[in-house]
Structure formats: C-alpha cells, structure tokens
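First up is the structure itself, then whatever we jot down about it.
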Amino acid sequence: MGARARAAALVLLGAVAACAAPPDGGDDGDWRTDLDRHVLEQLTGSRDAGPLVVHFRPGDLAEETLSEDVAANVADFEELQDRLGMSYRGRVHVFLYRDGDDMKATTEGDSNIAFSTGTRSIHQVHDFRGVHELTHIFSVQFPPDPDGCTDLFTTEGLATAMARSDQDVPVHAWAAMYLRLGRMPDLADLRSDFMGSAPAGVHPYHVAASFILHLEERFGIAAVKRWYVNSTEAGMVFGVPFPRLENDWRAFLADLPVEPQHEAHVLERFSRKLGPMPDEWRHAAGTTLFDGGSLDALAPDEPARWSLRDGLLVGTHDGPWTAIHSRARFGPDVGLRVRFRLVSGNAVQLRLGRADGQEAQAIFARWSAYMSQGEGFKDNDQVKIPPGVWCDAVFVDVGGTGRVFLNGAPVFDAEGALACQEGVVGLAVERGVIEVKEVVAFRP
C-alpha cells in the first residue's frame, strides 16, 4: 500500500472507530489492520505489559529505554481509565519506532509522532508521551447510540482535551488567546470544515479541546461521553442548546487568566510573519488622555454620545462612526494605545494624525480588520474583534509605516501606508457600544 493510500486508509479507520460498536471482553480477536500486518513484518519483538502489548524492532532500543517507554505507556493507560471513568476491555497494541524518520519509512505514511488505527492499535515514536491516541482507542468502547455518530471536531477535541495541553500550554490558554487575538472561529463553521476553516495560526484541535474540556468541567465526563456518541444532540444531553454552550464557553475564556509564559508562546506563533510588537510599547509612557478619571483631555464630536460611567469612557451610537479626539496634537511619528471592549455592535476605530479632515485609521470590525493605506484600505479578514472581550490595541505611525497590534499580536505592518502628519488622535464606534479603560498617546 502506497503512502497516500495508507494515509487515506488511516482516516477511514479513524472514522469507523468513532462509530463502531464496542468489542466483546477479553478476546481481542483479529485486532490487526492491514497496516499493522505490514509493520509486524519488521517490528517482530513484543512485550506483554498488562493491558498493553508493545511491539518493537529488536535492537532498536536499549533495554533501559524500552522499559521506560513501556512503563510510561502503562501509566498513560491507567490515567486515561481514571479520567474517562471506565475500565478498558481487552488489550491495546502499541508499536514503537526509534524516531520519526523510522516511523514514516516503516508505515509508508506522513506521521512522524503518533497515530491510532483500527480499534486497538497505536503507532508512535518510542518517546511519545500522552493520552491523545489512547483516547481514540478507548472511545470505541463508549456505550453506543444506535442512531448517533460523531465528527472530527468531537473525536480530536476529546483526545486533545484528555491530554489537557499542547507544547506545555494548556488548551484553555490556547483558546483564550485565540479569542483575544480575534482569531477564534465560529464552532459551526469549524465543525463543517474542521481542518480548513480555522484562521491561519489557529490549530482546530486546541479550539475543540477547550470547548469539550469546558463541557467536562461543567457537566462531568459521563455526560460528555453520552454526547460524544451522538454529537449532534447537545441539547438532549446537556439540557442547553449548542449555541448557548458556545456563548458560555466564550464568556469563560474571556475572563480566564493566562500565564505570561503561555501568552508569550502563543504570541510568538502569530508574530513570525509581521514581527512581534516591541515590549516597550505595551506600557510606554506618554500622554495619558484617559485613565478612568476626567474627560478633559478629550473632545467628542457628539458630546451626547460619550460619557464617563463607573470609571469607564462609554461611547454609544446607533449609526455610522461617532468619534472622540484628543485636544492636543501629536506627531508626525506617534503611537496610540487603547484598552477597550466592544460591548455590542459593529466596529471600533483608532485614529492618528487627524488634520484637515484626513487621518490614519485602524478598524477592528466583527467581520475583519482594516488599516488605511493611501486612498484605500488594507484588510485582514483573519482578525475579527471579539465582542465583550477586553482588548489592548496599539496603532503606530513611524515615518509613514503603519503597524497595528491587537492584544500583542501583529495585525498590520505596512511601509509607506500612512501620511505621517501631525494631528489629533482618537477613537470611534460604529453602530454599537464601546467601553474604554485607557487611552495613551506615546512616541514610538
């Protein structure tokens, strides 16, 4: 079987496993897939380890290494039984490879870390640790629903949720950062095209895992398993329709603290193309235009639309843009830092160098982000402002180069895009309500 055909077979086997009836107890029967039979011609060594049978190529691994790998896999097995509240019936077969290149060559496939196939087999590099692939195998024995089935969102989400983290970053932290960076996809879109609809840099496994882990934390693993085997029927299992579950999860993520090292790890993922935001811009001193007190430094275009309420600057409008600007002028090189949240509505706009009816604009809308460029706009439809989430936006004009960041991640970096002129700075809201904690103009 060639590599492409073998890879396709693995996908199909995974789909079958997700909906298969659980096998009978201790007798495994003929557990081998065609791939297993092919590999067993080379991995002729084996070791019984209670609930596991470990297969390996004789001479590949030192005895001490092999013993450590077997013990780690048994520990993962026992941990997963506890997490899932079940006792696995029968035995799982684990195939160990000396490294990723060996795994790809022996399986004639593309994976160089780990994958499961059939109903009882896991193939992995020898030092792989974790319960992701074991979860796929265990899920075959969940009590079945004769009318139900599942999808990739649910199968990969549960497996990643049971692992709890990826790259040493908790799955909730990944998802919380995706939300704050305006990259979180709608779950309905993600479920319809699991590997194709997520924005660049967003791993769909993290999103699905955080959602399912939140379900487990809220309703318990028994309910999650009932939903898993018929994952189109959330309302029947949880008593809450899927859209409400999604909204509740997003609200949970919006308030979730993220450790600085985890935030930095995720931000690095989104800063490889446009470059990171300079650290000093996060807290750069400058002219504080608003910090929860007086509005004296600001001049609203329509005073009735802007007010001071409980230490927040609140802008409300039911039509196109209404703005509030600084009384002082800045520039031509200037940066604007605003901490805000779009409570409801369409979009928020940051302005630099407003003079003679012209200004540079950075726009965060529900459907995309934009930055002015000459007579037109650049757009970034990967970034969509998350309503209700506190955001730190930075908009900088240095010599005409426009740079925009949302919660530390780059959104635009365009040389020669802006006029770079002296003028007032400000912000605006369109058809919605905005709350603002801080407005600072600084020299980048």
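Things to note:
- Residue count for segment 414-444, restricted to those that are part of a strand (DSSP E or B) and closer than 19 Å to Glu359 by Cβ: 15.
- Total residues in segment 389-406, condition touching a residue at least 24 places away in the same chain (Cβ under 8 Å) and surrounded by fewer than 24 Cβ atoms within 10 Å (Cβ to Cβ): 7
- Test: residue in segment 332-352 that is at pLDDT below 95 and surrounded by fewer than 22 Cβ atoms within 10 Å (Cβ to Cβ): yes
- Applying the criterion of being in contact (Cβ under 8 Å) with a residue 60 or more places away in the chain and in contact with a Lys or Arg (Cβ under 8 Å, 6 or more places away or on another chain) to the residues of segment 201-238, the residue that is nearest to Gln382 (Cα to Cα) is Gly201.
- Search result, residues across segment 309-318 that are closer than 23 Å to Glu359 by Cβ and more than 33 Å from the chain's Cα centre (by Cα): none
- Residue list for segment 305-321, filter: among the polar types (S, T, N, Q) and surrounded by 16 or more Cβ atoms within 10 Å (Cβ to Cβ): Thr316
- Scanning segment 91-119 for residues that are of a type in the set (Gly, Ala, Ser) and crowded, with 19+ Cβ neighbours inside 10 Å yields Gly109, Ala114, Ser116, Gly118.
- One residue stands out among those in segment 354-376 that are small (Gly, Ala, Ser) and assigned to a loop (DSSP other than H, G, I, E, B): the one that is nearest to the chain's Cα centre (by Cα), which is Ser368.
- Screening Ala17 on (1) modelled with pLDDT of 95 or more; (2) in contact with a His (Cβ under 8 Å, 6 or more places away or on another chain) shows it passes everything except condition (1).
- Residues satisfying the stated conditions in segment 265-279, i.e. surrounded by fewer than 14 Cβ atoms within 10 Å (Cβ to Cβ) and small (Gly, Ala, Ser): Gly275
- Of all residues in segment 166-219 being part of a loop (DSSP other than H, G, I, E, B) and of a type in the set (A, V, I, L, M), the one that is surrounded by the fewest Cβ atoms within 10 Å (Cβ to Cβ): Ala200
- The criterion of at least 1 residues that are under 26 Å from the mean Cα position of the chain (by Cα) and at pLDDT 95 or above is met, among strands (runs of 3 or more DSSP E) falling completely within segment 35-151, by 114-117, 121-125.
- Hits in segment 387-411 (condition: of a type in the set (S, T, N, Q) and either under 19 Å from the mean Cα position of the chain (by Cα) or at pLDDT below 95 (or both)): Asn407
- Residues in segment 220-243 that are assigned to a loop (DSSP other than H, G, I, E, B) and either farther than 22 Å from Pro170 by Cβ or within 21 Å of the chain's Cα centre (by Cα) (or both): 8 in all.
- Scope segment 179-201; condition more than 26 Å from Lys225 (Cβ to Cβ), of a type outside the set (A, V, I, L, M) and within 11 Å of the chain's Cα centre (by Cα); matching residues: Arg180, Gly182, Arg183, Pro199, Gly201
The values are calculated or read from the model by the stated rules, or taken from the named source; none is laboratory data. Because the structure is a prediction, the values reported are computed rather than measured. Using ideal geometry, Cβ is built from the backbone for each residue, glycine included, and neighbour counts are taken over all protein chains shown.
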